[in-house]
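Just so you know, all these numbers are worked out from the coordinates, no wet-lab data involved. Since we're looking at a predicted model, the values are computed, not measured. Note: ideal-geometry Cβ built from the backbone for every residue, glycine included; neighbour counts use all protein chains shown.
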């Protein structure tokens, strides 16, 4: 069972965030070379701030399945959930993991399974369901979604004891570093702007 445990991250959002970080890093280097004085500090400070926010919102979010727990990395905190505490997994604006101690929102999970371009074209061209066929069989996204996989793992791995088990919420070092860097960048840009 452990071989099917995985890590889920943002797809397109992660690519966009990495692209923004790379582009803004080039802009910061350009500002260091071409600007001088106050303009250099403001430009580099704003670039560093944008890179920190892009990291927190696009690169960091993840959901990691382990043999004993589900680890949810949200933008500002990490939540460790024992498999035995998960009661349900639902989808609203984001994926929500319901436990006996509350609900945890997962910003890294897709709300629906990705479909290939050929599948989208095929379902668009053949949008009618043949007479006499089952409508549920025509749905391509019924099984295999990330939500279903987590639900199945919670049922299979969550049969352990529930005593002395709780949901732990922590703030990781990378979040603290990103927030301190963000604050320092904005403070330096602000002081340079009004000095």
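The table below lists the values:
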quantity: Computed E for residue 30/residue 166 - FRET, C-beta separation, R0 45 angstrom, nearest 0.05; calculated: 0.40
quantity: Cα pair distances in segment 1-61, grouped into 5 Å bins until the bin that holds the longest one, percent each; calculated: 4, 19, 21, 15, 13, 10, 7, 4, 3, 2, 2, 0
quantity: Residue-span extension gain [residue 156 to residue 38] - 0.36 nm each, minus C-alpha spacing; calculated: 36.6 nm
quantity: Cα-based convex hull volume of segment 7-112 per residue, rounded to whole Å³; calculated: 109 Å³
